[in-house]
Amino acid sequence: MREEGTASDEIGSPVCESASAAGLVASDAGAANSSRLAVTVICVLGCALFALRLFAPSNFLDQDQERPAAYVLDIIKNGSWLCQHDLHGDVMSKPPFYNWLAALLALPVGRVTLFALYLPGAAGVLGIALLLYWFGQRYFGTRPAFFGAVASMLTSAGLKGFGLARTDGVFAFTITLAALLAFRAWVLGRGWTWFWLMGAIATLTKGPLGLVLAGCGLLAWWWERRTGEPLALKGSHRLGIALFLLVAGGWFLMAYHQVGKPLTDKFFGQELANAALSEGSHRPGTLFYRPPLHYLARAAPWSILAYFGVWRVWRSPAAEVRERRFERFLCCWFVGGLVVLGLSPHQRADLLWPVMPAGALLAGREIDRVRERLATRNFRVAGYRWSAFNCVFGLLLALMVARYVFAYLGPQARTTIVRQTNALQLLAEKIAREPGAAFPLVHTDDPMALQIYLNTWRPPISFEHAAALLRRPEPVFVTISNPARLEPFRKPDDPPLYLLTPASFDGIPCPARVVGNRARFE
């Protein structure tokens with residue numbers, strides 16, 4: 001018989017080493033499976049929300065989605081990659097990165113589609129969730145990262161991000177990636193070039209404010225110097241700054257060379273003036289309280305946990321150095337972004353999107369702490385054992401998903417804007433079916449969306465010019481929001497006008513009509 005405590009049973013012996021190695025392999029395999037499952041759930045949820053938006057009734061006429069679509073149409077029809085105009089000839093109001101993405105998606109089919117317009121923003125929202133999970137699980141663990149990723153998608157901002165033809169979702173993604181690259185460069189002491197390059201892309205999406213918001217998290221360096229184990233901001237920035245100037249500045253110089261003064265007038269004149277006057281005559285910084293309140297509403301119910309997470313980081317920072325450094329970085333990114341936006345006179349709630357990812361990850365960690373407290377609280381129903389946390393969290397997720405479904409398919413899917421969008425689509429289908437989309441219509445004040453649906457580029461003309469064209473002997477057909485608007489420009493001996501399209505489709509008033517000097521399309 002072998003005695004207990006022989007060498008073969010001691011720690012470090014071949015038997016124990018094999019057992020330990022097997023345990024580590026099993027642990028790593030379990031963590032990898034858990035991570036793959038989490039990523040799969042995040043991707044499936046994101047794709048399902050995007051599909052819901054894509055197949056729900058469209059609200060394309062709402063929230064100024066026509067102009068970005070017109071910029072994309074300008075690229076498709078006119079090859080205007082450097083600087084785009086809308087159908088009225090106005091220069092684009094934002095840099096072109098979103099327009100480029102949508103145009104690349106539209107090029108294979110040769111026309112602007114809702115899929116091409118919505119996908120960049122939806123991919124941005126999903127990309128943010130995956131970034132939060134990727135970085136969060138390194139410093140907070142798998143569960144907090146997963147909760148934070150899900151919380152970033154199931155908010156009002158996520159609801160709009162999956163179905164809004166605007167730059168906001170792409171802008172938020174570029175800032176999120178730039179911020180996390182800044183943290184990585186700070187920790188490694190190198191790699192700042194990637195931060196500056198992503199900052200350039202953020203600038204090409206919506207302007208240089210993106211670089212400021214992405215860099216707010218680096219205020220944690222000062223915090224670490226005051227309390228904690230300081231980590232110097234090492235690494236060279238020269239190549240990164242050079243690339244930033246080359247990418248962002250190079251585009252602006254080329255666009256200015258092509259367009260000239262209208263570009264600077266739009267970017268530095270009209271856009272800045274609109275931002276400064278958007279909230280009335282108040283001084284900058286006097287409405288500093290609005291962004292925190294906007295966040296509380298737009299990120300509910302996770303916003304309450306995010307604010308609590310900020311308070312916890314301030315009062316009881318993590319003991320582990322890496323975790324403490326990351327949580328402070330998130331707090332500075334989140335609170336610093338709120339301060340920057342609060343000092344601005346432009347207080348639109350959608351501007352909060354770039355700082356919301358930091359709040360979502362802080363909220364994710366608080367959700368996991370709630371899970372730990374409720375881990376031992378279970379109850380039985382119908383003979384099955386139920387976890388209190390799983391029931392509560394599952395109910396919240398179900399309510400948030402139901403909110404998406406309600407927004408896209410409930411009463412809001414039958415608002416006036418949605419109904420008018422549907423009527424305009426039916427009008428475009430009628431025109432494309434009868435005379436054909438290539439038929440030479442003359443446009444006046446009808447929505448730009450009509451030409452986006454028709455895949456045509458015909459700058460609108462004045463009512464006076466349209467009335468003069470309708471006097472000609474050859475067939476002329478004009479699209480207009482209300483035919484009565486032509487009457488002040490008509491002469492007593494003008495030929496009669498004919499309405500070639502109905503005033504409504506399925507009882508829905510159409511925002512455009514087609515009138516002509518012939519009784520039918522010729």
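Give segment 301-317 a look and list any residue that's within 21 Å of SER152 (Cβ to Cβ) and either part of a helix (DSSP H, G or I) or among the small types (Gly, Ala, Ser) (or both), or say none.
Applying the first criterion (within 21 Å of SER152 (Cβ to Cβ)) to segment 301-317 yields 301-313.
Once the filter is applied, which keeps residues that are within 21 Å of SER152 (Cβ to Cβ) and either part of a helix (DSSP H, G or I) or among the small types (Gly, Ala, Ser) (or both), segment 301-317 yields TRP302, SER303, ILE304, LEU305, ALA306, TYR307, PHE308, GLY309, VAL310, TRP311, ARG312, VAL313.
Conditions first: (1) at pLDDT below 95; (2) within 20 Å of CYS332 (Cβ to Cβ). ARG166 passes all but one, so which condition is the exception?
Status for ARG166: all satisfied but (2).
Restricting attention to segment 429-455, and to residues there that are assigned to a loop (DSSP other than H, G, I, E, B) and free of Cβ contacts under 8 Å to residues at least 24 places away in the same chain, which single residue is farthest from ARG111 (Cα to Cα)?
Pass one, segment 429-455, residues assigned to a loop (DSSP other than H, G, I, E, B): 434-441, 444-447, 455.
Subsequent filtering for residues that are free of Cβ contacts under 8 Å to residues at least 24 places away in the same chain retains 436-438.
Details: GLY436: 15, ALA437: 12, ALA438: 13 Å.
Going through the qualifying residues, I end up with GLY436.
Restricting to segment 96-137, and then to whatever is in a helix (DSSP H, G or I) and free of Cβ contacts under 8 Å to residues at least 24 places away in the same chain, can you tell me which residue is surrounded by the fewest Cβ atoms within 10 Å (Cβ to Cβ)?
Residues of segment 96-137 that are in a helix (DSSP H, G or I), as a first pass: 97-109, 114-137.
Going one step further and asking which of them are free of Cβ contacts under 8 Å to residues at least 24 places away in the same chain, we end up with 104-105, 108-109, 134.
On the way: LEU104: 13, LEU105: 19, PRO108: 8, VAL109: 12, TRP134: 14.
So, considering only residues that are in a helix (DSSP H, G or I) and free of Cβ contacts under 8 Å to residues at least 24 places away in the same chain, the one surrounded by the fewest Cβ atoms within 10 Å (Cβ to Cβ) is PRO108.
Name every residue in segment 286-336 that is among the small types (Gly, Ala, Ser) and under 16 Å from ARG369 (Cβ atoms), in order of residue number. Steps first, answer last, please.
Initially, segment 286-336 is screened for residues among the small types (Gly, Ala, Ser), giving 297, 299-300, 303, 306, 309, 316, 318-319, 336.
Matches in segment 286-336: ALA306, GLY309, SER316, ALA318, ALA319.
If you check SER93, SER27, SER34, which single one turns out to be exposed (fewer than 12 other Cβ atoms within 10 Å of the Cβ), modelled with pLDDT under 95 and either outside the structural domain of ALA248 (by TED's automatic domain parsing) or over 16 Å from PHE162 (Cα atoms) (or both)?
On the way: SER93 fails: exposed (fewer than 12 other Cβ atoms within 10 Å of the Cβ); SER34 fails: exposed (fewer than 12 other Cβ atoms within 10 Å of the Cβ).
The unique qualifying residue is SER27.
Residues in segment 387-407: is at least one in a loop (DSSP other than H, G, I, E, B) and outside the structural domain of PRO144 (by TED's automatic domain parsing)?
no
Mind listing whichever residues of segment 216-263 are at pLDDT below 90 and outside any loop (DSSP other than H, G, I, E, B)?
Correct list: GLU224, ARG225, ARG226.
The values are calculated or read from the model by the stated rules, or taken from the named source; none is laboratory data. All figures in this text were calculated on a predicted structure; none of them were measured in a lab. Don't worry about glycine lacking a Cβ; one is built from the backbone with ideal geometry, like all the others, and counts go over all protein chains shown.
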